[in-house]
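> Before anything else, here's the structure in question.
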Amino acid sequence: MIENDIATEKALPGLRELIRTYLWLKLLIAMALGVGTGFLLLNLSEKYPGTWVAVLADWLALPGSVYLTVIQMVVVPLILSSIVLALSQISQGGKAKKIATTAVVYIMCSTAIAATIGITVVEIIKPGEAIQESAKSMGQMDVSARPGLNITPQTIVKLIPENILGSLISGNLQEIILIAIVFGLVFSRMDRDKSRTFLEFLVGTKALCMQIITWTVRLAPYAIFGLMVRAIVNSGASVLLGMAGYLFSVMLAFLLLAVVYLLWLMCIGTGPLIFLQKSKEPLLLAFSLSSSAATMPTTIQTAKDKFKIQPEIADFLIPLGTSVNMAGSALWMSSATLFLAQAFGGDIDLPTVITIILMTVGASLGTPGVPGAGLGVLSSTLRSVGVPPSGMPLILGIDRLVDMGATVMNVMSDLVMCLTAQWNINRQERKK
């Protein structure tokens, strides 16, 4: 087992325990109860006017505020450790150079395509415009926070952080991702005896963060209930219209991404129907568990037994993909960012769209395959393009449904990546 898997394995017992408690059902019930309670309070406020409704809604939303704050608290060390540990494995194992090269090209193209699809669908449907009036009370866009795309020698130099600790403390996501990529690539070339101590520290850091997330997820039903109550009290029924439009947009984007994967499989000689038939077990498991990390053992077994992927390819790429091949996550984060930008009436020009794509692709590389981990990453991405994170409750109520779809796409992408690497290896061997 590679080092990057150790942290994942430590978190799996807690995740399995949550799964056995039917967390997904609790979240859906909490969302429904939150909506019902919100409308009940609105009706009571008409009979008994006063500020008591808003105060009560704020107290009911306290678990949700705690939930979001804790997730944001661990996101920086989680992104840093995940990317460094994943990239540090690139040069290890037989045929690793060819396999890793294929994986890097595939991951970058796949996540970029996924983010572009998410942006395009939301831009066409524009679900955020339906709740612009309701979102005014939650904050406003901060255009000055956008990094911009005016490329000069000075802007390139500014991308390099001058103070690593300062970048980590400030939570600058662009600089953190760059630091993690540099460290990971350097560690992949270093002697393992010299880098072992630091890598073991990162393994422990990732395990700690994932355990905190696992515990925090227990608050999720109460968080969703309270946040939905507050959203309904503050915004009324219009917020439901926006949520429905957003959910439709994301699910349509997932479907389009799946079509892209199936078309690519046809190009490399694998029939779409055959792929779906053989991969149904890990895909259904991913949908149920909403965790590509918890699905990983089944995904590896399916790749080896049903797709006849070489063990050295499956054992290397699928654990790596669990940390960095997050096309589904890139899609929903780009969709959510643009949706909230529309809701807050932001000017979405081409440079902002490109910035969102680049940020979500980079951020998705550090999103661990566990429920809830993407919310903290999304919060950092929102701040990077000037979208107030206060709008996150608008999507938190249906986050579980979106997360289930994103996990399916992540697992599908891992299997397609293995088939692509196997196809590339076979193609090179036939040329010899």
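> Quick one: would you say I90 is open to solvent by 70 Å² or more (accessible area, probe 1.4 Å), closer than 22 Å to V361 by Cα and modelled with pLDDT of 60 or more?
Details: open to solvent by 70 Å² or more (accessible area, probe 1.4 Å): no; closer than 22 Å to V361 by Cα: yes; modelled with pLDDT of 60 or more: yes.
Answer is no for this residue.
> If you take the residues of the stretch 93-132 that are open to solvent by less than 30 Å² (accessible area, probe 1.4 Å), modelled with pLDDT of 75 or more and among the β-branched types (V, I, T), which of them is farthest from A330 (Cα to Cα)? Talk me through it step by step, then tell me what you get.
Restricting attention to the stretch 93-132, the residues satisfying the condition of being open to solvent by less than 30 Å² (accessible area, probe 1.4 Å) are 96, 99-100, 102-103, 106-107, 110-111, 114-115, 117-119, 121-122, 127-128, 131.
Then drop every residue that is not modelled with pLDDT of 75 or more, which leaves 99-100, 102-103, 106-107, 110-111, 114-115, 117-119, 121-122, 127-128.
Then keep just the ones that are among the β-branched types (V, I, T); that gives 99, 102, 107, 111, 117, 119, 121-122.
Details: I99: 23, T102: 20, I107: 11, T111: 6, I117: 10, I119: 10, V121: 14, V122: 14 Å.
Among them, the one singled out is I99.
> Can we say T205 is among the hydroxyl-bearing types (S, T, Y), at pLDDT below 80, within 30 Å of L62 (Cβ to Cβ) and in a helix (DSSP H, G or I)?
So T205 does not fit the description; no.
> Looking only at helices (runs of 4 or more DSSP H) that fall completely inside the stretch 326-432, which ones have 2 or more residues that are modelled with pLDDT of 70 or more and of a type in the set (D, E)?
Working: elements: 327-343, 350-364, 373-384, 393-396, 399-431.
By residue number, 399-431.
> Going residue by residue through the stretch 258-269, is there one that turns out to be buried (at least 19 other Cβ atoms within 10 Å of the Cβ) and modelled with pLDDT under 85?
no
> Pull out all pairs, ordered by first then second residue, where Cβ-Cβ is under 6 Å, the residues are six or more apart or on different chains, the first lies in the stretch 297-318 and is farther than 18 Å from N426 by Cα and open to solvent by less than 20 Å² (accessible area, probe 1.4 Å), and the second is of a type in the set (S, T, Y) and assigned to a helix (DSSP H, G or I).
Filtered contacts from the stretch 297-318: I318/T299.
> Report yes if A293 is modelled with pLDDT under 90, in a helix (DSSP H, G or I) and within 15 Å of the chain's Cα centre (by Cα), otherwise no.
Numbers: modelled with pLDDT under 90: yes; in a helix (DSSP H, G or I): yes; within 15 Å of the chain's Cα centre (by Cα): yes.
Yes.
> Say we look at the stretch 48-68 and pick out the residues that are among the small types (G, A, S) and not in a helix (DSSP H, G or I); which of these is modelled with the highest pLDDT? First the steps, then the outcome.
Initially, the stretch 48-68 is screened for residues among the small types (G, A, S), giving 50, 54, 57, 61, 64-65.
Now restrict to residues that are not in a helix (DSSP H, G or I): 50, 61.
Numbers: G50: 78, A61: 83.
Once the filter is applied, the top-ranked residue is A61.
> Filter the stretch 23-42 down to residues that are open to solvent by 40 Å² or more (accessible area, probe 1.4 Å) and at pLDDT below 85 and give me whichever is farthest from the chain's Cα centre (by Cα).
Ranking the candidates gives L42 first.
> State yes or no: is A207 open to solvent by less than 10 Å² (accessible area, probe 1.4 Å) and in contact (Cβ under 8 Å) with a residue 12 or more places away in the chain? Even if it seems obvious, please write down each step before you answer.
On the way: open to solvent by less than 10 Å² (accessible area, probe 1.4 Å): no; in contact (Cβ under 8 Å) with a residue 12 or more places away in the chain: yes.
Taking the combined requirement at face value, the residue does not satisfy it.
The values are calculated or read from the model by the stated rules, or taken from the named source; none is laboratory data. Quantities reported herein were computed from a predicted structural model and do not represent experimental measurements. Virtual Cβ from ideal backbone geometry, glycine too; neighbours counted across all protein chains shown. Note: areas computed on protein heavy atoms with side chains; ligands, DNA, RNA excluded. Shrake-Rupley method; radii C 1.70, N 1.55, O 1.52, S 1.80 Å.
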